[in-house]
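First up is the structure itself, then whatever we jot down about it.
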Amino acid sequence: MFDSLTRVRLHNLNIIKKIGLIVIVISCVLQAQVNRNQVPWGAGISRGQDLQISLIEFSPGDHITDYFGHIAMVVSDTALDVSRVYNFGLFSFDEGFISRFAMGRLIFKKGALSLGGSIQYYVNSKRTIILHELNLPDKEKEILAKQLNWEVLPENSTYLYHHYNDNCATRLRDMIDKAVHGQFADFTNKPARFTLREHTIRYTQHDPLMEWLLMFLMNNSIDQPVRQWDEMFLPAELCGFAQKFSYQDSLGKAHQLVENSRMLFDSHRSPVPQTADNWPLWTIFCGIIIALIVIFLALYYPKNGKLRQKLFLTFCALNTFVFGFVGSVLFFMALFTDHVVTYYNENLLLANPLTFLIFFLTIFMLFKPTLNGINTIKWLWYILAASTILSLLLKLFPGFNQDNLMILSILLPVNLSFAFAFYKISLNRDILKNK
């Protein structure tokens, strides 16, 4: 009997050991998974009712990379007191950044960051922070949280950035739409209030030079009618539509997507304008003033000797350097890069490598002026003036609908005035007597 009892005890002890071993193995696997994902929802530990998912919106900042604002998604396990900010807009200025940007192959990273550290960073940057808590079914919260965690794993954490089609906001927009089974896309399948160009103008018009440069570089693809869905490349537009949106659950009951919005920090920045000025007065004045200076210097070019001639040629060199440089950059981007928004750009008729060629010839003329040199530059300006007029005539035909009044208002008077100026100068055969 003693032996029988002993055997039973030993058998039970073995079972306990096996159960203990299984528990240890499972614990190790779960711990390894938690360590890999560093969050309980990544390991399937979090319960849907304990998860809170929010959009966190950051207002535009001071640098060109911050002009359009930023957005991320926050996942919090309220029971375990764990939070992460899933940021899809990370990049670094490493040694390859400039070349990748120039070629239109900018790689962005996705990462999971601490909530406190993220908030402090944007507070230090003096950018308003608004938290929008999302009201999603528990099951969808679990799925979305796991998806976000999967996105930031090293093997999934990079993507090819596109300002309008694939950025920090559009990726979160798509995830929200998936969580509500396509109802968000249906809700925003309406005509947008602005084109992509007009939205870009709204966010950059506080910086006129950068605004003009961006408008110069981009073609008519951003002038086409878009849907509200497409407007959500902007963080503020995504949050705005999310606040207006209600979805239906499996029982047909309506639920407001954003159940609460609260400001975590107010930077007291001026709000983004709600209108887009496609033809600002400063560009008109700038074009007229440049043209008047050109004509004035040309009319008096032969009357005051070397000084007047050098002033005119210097002014010509200055203009052709600026417009020739940006025109050559556009020429390169349109032909040799993946920047699709630069392809078939009508602004190449207004400024291009030919403008830059005039710059080099003008520099040569400053040191060794010749009548042949003047005539060569004159004919190059004639070509630019003709292509400028051609760009206007082409607008009478379908397909040539690029909104470039902002560009034309400067380059039209510049190109025509220089063509006229060199025509007047070339008529005087004595222009080189004071060389």
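All of the numbers you see were taken from the coordinates with simple rules; none came from a lab. In this text, all values refer to a predicted model and were calculated from it rather than measured experimentally. Don't worry about glycine lacking a Cβ; one is built from the backbone with ideal geometry, like all the others, and counts go over all protein chains shown.
Quick one: what are the phi-derived ³J(HN,Hα) couplings along the range 74-89, Karplus 6.51/-1.76/1.60 with θ = phi - 60°, whole Hz, x for glycine and proline? Calculated HN-Hα couplings, in order: 10, 10, 10, 9, 5, 6, 9, 6, 10, 9, 9, 9, 9, 10, 9, x Hz.
Can you bin the range 129-188 into rounded, prolate or oblate? Criterion: square roots of the alpha carbon gyration tensor eigenvalues sorted a ≥ b ≥ c, rounded for a/c under 1.5, prolate for a/b above b/c, oblate for the rest. Note, shape of the range 129-188 comes out oblate. Rounded to the nearest 10 degrees, the inclination of helix 371-394 to the longest alpha-carbon principal axis of the chain is 50 degrees. The H on the amide N of Phe265, modeled in the peptide plane, is under 5 Å from the matching H of Ile129, each at least 5 residues off or on a different chain.
Before rounding to the nearest 500, sum -39500 (n - 2.57) across all DSSP H runs of length at least 4 in the chain and divide by the residue total; then give [θ] at 222 nm in deg cm²/dmol.
On the way: 15 runs with 229 residues, N = 435.
When only DSSP H runs of four or more count, the value is -17500 deg cm²/dmol.
Could you state, as a whole-number percent, how many of the C-alpha pairs of the chain are farther apart than 28 Å? Cα-Cα pairs of the chain separated by over 28 Å account for 62 percent.
Subtracting the Cα-Cα distance from 0.36 nm times the residue separation, let me have the gained length for Leu393 to Ser426 in nm, one decimal.
Extra length from Leu393 to Ser426 when fully extended: 9.1 nm.
Computed from the C-beta positions of Ile288 and Ala254, the FRET efficiency with R₀ = 56 Å rounds to 0.50. Using the alpha-carbon positions of the range 281-427, Rg (one decimal) and Dmax (whole number) come out as 15.7, 51 Å. The amide H of Gly69, built 1.01 Å from its N in the peptide plane, has Gly61 as neighbours under 5 Å, considering only residues 5 or more places off or on other chains. Between Leu131 and Leu357, the distance separating the two model label sites (each 7 Å from Cα on the Cα→Cβ line) works out to 6.1 nm. Extension gain, Arg262-Asp166: 0.36 nm per intervening residue step, less the Cα-Cα distance, totals 31.9 nm. Fully extending the segment from Asp186 to Thr337, taken as 0.36 nm per residue of separation minus the present Cα-Cα distance, adds 50.9 nm. For the range 327-368, the Kirkwood radius over C-alpha pairs fed into Stokes-Einstein at 20 °C and 1.002 mPa s yields D = 191 µm² per second. For helix 353-367, report the angle its Cα long axis makes with the longest principal axis of the Cα atoms of the chain; keep it between 0 and 90° and round to the nearest 10°. The angle comes out near 50 degrees. Oblate is the label for the range 155-206, because a/c, from the alpha-carbon gyration tensor with a ≥ b ≥ c as root eigenvalues, is 1.5 or above and a/b does not exceed b/c.
Taking Cα atoms only, the orientation of helix 138-151 departs from the longest principal axis of the chain by about 60 degrees.
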